[in-house]
Amino acid sequence: MEGVFNFVFGASDTLFYTVLDAKLRASKVMAHRIGLGQSKDIEIFDEPCHECFVDITRTKDKRFHLINSSRLDSSKVFVFPSAHDFWQHSSKVTNAQALQLARPRQANVEYFIDHHDGEFIILTNSPKDDKAGLPTADPLPFRLVRAPTASLTSEHWEELLGVGDDELIEDVEIFKNHIMVSLKRQGQPAVYIYDRASGCRSKLSLPYKGYCTVRPEPNPQFEATTVRLGFSSPVHLESVIEYDLASLKQGKSWAPTPLHINSDEYKCQRLSVPCGSVNIPMTLIHHESVELSKGPPTLARVYGSYGVSLEPEFRLEDIPLLLRGWVIALAHVRGGSELGREWYSNGKGANKVNSIADYLSCIRFLLDKGWSSSSRLAATGVSAGGLVVGAALNKSPEYFRAAALHVPFVDPLSAMLSPDLPLTGVEISEWGNPLSCSASYVTIRDYAPYDNIRQMNSGQQGPSILVTAGGLDQRVPVWQTTKWVARLRSAGGYHLRVPGGTGCVPKLLFYPQMDAGHFHADTSGTEAGSDSGGDFISAQALHNAFLISELSTGHC
């Protein structure tokens, strides 16, 4: 079969799959009968809106299939019985009638559906008084609701589990007798088991004192009595623990090869950094022998976009730095979801400047405390995190000795003004639409790294910068990164040379890999265009060698 983006099996000899349009957007769902040619496939759904991305899944009890037409901030889900035969009912009208819409699309309202024992279980952030059609200018917290199988539409939704304003439900796993809910509470992970019979919920005991990342493992068996969860921390490789759903006791566990470091010797602490009227969480990781008051070398990492939390997870590239006495600082800025949906909405669109302000507040906190210095502080960000770092360099280059930006999204204005680029349409809800809204244009222009470069290198003062890019990158095209590097050289002062000069001369290093894509610097180490994890190791070796050489006294 050709042109398949993702697929899921249906009943008997059927499978369903999505296909991409010319802008790399999954826009259609097709039904394929195994044994017939692909020309006989039936189109069962088409989404014309260029801001929407289509996916198809199946409920865990295998009774229903779900078509989700999603934007970054909203959902529209159609449900149809898995037993429906699209060839027997070959009429487009008849097949369209098999698709039941759960809830019309509404800005800032998302929902995800599963099915369990005669009712649908729905994770949603819709208003509780949904019948009143309340406005949703800002996203509300997620909650768990249920609806009878025969009455799926939202007026029949009944709340099953709610959360507080500073909580965020991240994952839900449905079992025959239990529901597992993974959430963040004040930025810290928590996992609850909900007993369907008694209505009680109980909290699991998590490892590593809660300073960890929780990822549900594949738990495909609907009637299972155990759940498997993956855990990692900055100094613990990901391990898997199996919990009994009834007793909550730990059972089997699977741990990887030891790191040959004593994890107990490392500290992980959460701090609160003031930024105007809000407090920004920041995580510090370091060896117990490191004295913060002596200003150790520090790497400050940031992301803060798409509601993605910057997790205190294991990153292989950080281990060589930690072994050398570095501090790793994670700035949990607005734009992520560490403190709930409001934390995300306050760092997107017109509020994107908050992400940059939060990051700079964290940097100033480290400098004011004397826990680092401008000669021993480095910044790093990947993709949209690179945007925050680039903007911070424009505003306060004197704070940093070095910065490593990987596939950075540093020219958002040009990207959002180019509707022909892949994925620009689906990004509008995250960044705004400068083509149709002058306020969005001004907002993006005023923080975009490319449009605000100023002299940051005087020849002997200023941060050294490492920039990587991928020639096959469809999210951040290599030309965007290249033009930013060129402007840094012309307007940022990195064309200057100091013949015979002494001291550490700031550098601008550009390392494009033309056979790599967007995720070549990710910890997965594999992607299209990458044969193995060797490319990842080489990329991270360059990253660490650059940082260590720049922050080491006497090296330039």
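The values are calculated or read from the model by the stated rules, or taken from the named source; none is laboratory data. Here the structure is a predicted model, which means the values were calculated and not measured. No Cβ is skipped: glycine too gets one built from the backbone with ideal geometry, and neighbour counts run over all protein chains shown. For the accessible areas, the whole protein counts, side chains as well, though only heavy atoms, and no ligand, DNA or RNA atoms are used. Shrake-Rupley method; radii C 1.70, N 1.55, O 1.52, S 1.80 Å.
Could you give the longest part of the chain that holds none of the GluC sites (Glu not before Pro) found in DSSP loops with at most 15 neighbouring Cβ atoms within 10 Å? Walk me through the intermediate numbers first.
On the way: sites that count: E2, E223, E288, E291.
Within the chain, the longest run free of exposed GluC sites (Glu not before Pro) spans 292-556.
Averaged over its residues, segment 29-73 has an accessible area of 46 Å² per residue, based on protein heavy atoms and a 1.4 Å probe. Stokes-Einstein diffusion for the chain, with the hydrodynamic radius set to the Kirkwood value over Cα pairs and evaluated at 25 °C in a medium of 0.890 mPa s, equals 97 µm²/s.
Helix-only estimate, please: 222 nm mean residue ellipticity of the chain, summing -39500 (n - 2.57) across DSSP H runs of length 4 or more and dividing by its residues, to the nearest 500.
Numbers: 10 runs with 97 residues, N = 556.
So the helix-based figure for the chain works out to -5000 deg cm²/dmol.
Which order do the peptides 373-381, 195-203 take when ranked by the mean count of other beta-carbon atoms within 10 Å per residue, highest first? Write out the running numbers ahead of the final one.
Numbers: 373-381: 22.1, 195-203: 11.2.
Packing order, densest peptide first, comes out as 373-381, 195-203.
Of all aspartates and glutamates in the structure, the ones whose alpha carbon falls short of 16 Å from that of K249, not counting any fewer than 8 places away in one chain, are D195. Pairs spanning more than 26 Å between alpha-carbon atoms, out of K23/K395; K267/K348; K76/K128; K369/K483; K203/K352; K28/K128: K23/K395; K267/K348; K369/K483; K203/K352; K28/K128.
Between 0 and 90 degrees, the angle of helix 384-395 with respect to the longest Cα principal axis of the chain falls at about 30 degrees. Under a model in which nothing but the beta-carbon of Lys, Arg (+1) and Asp, Glu (-1) is charged, segment 123-272 shows a dipole of about 340 debye around its Cα centre.
Taking the longest Cα principal axis of the chain as reference, the axis of helix 478-491 is set at about 30 degrees.
Would you mind checking the tilt of helix 534-551 against the longest principal axis of the Cα atoms of the chain, expressed as 0 to 90 degrees and rounded to 10? The helix 534-551 is inclined about 40 degrees to the chain.
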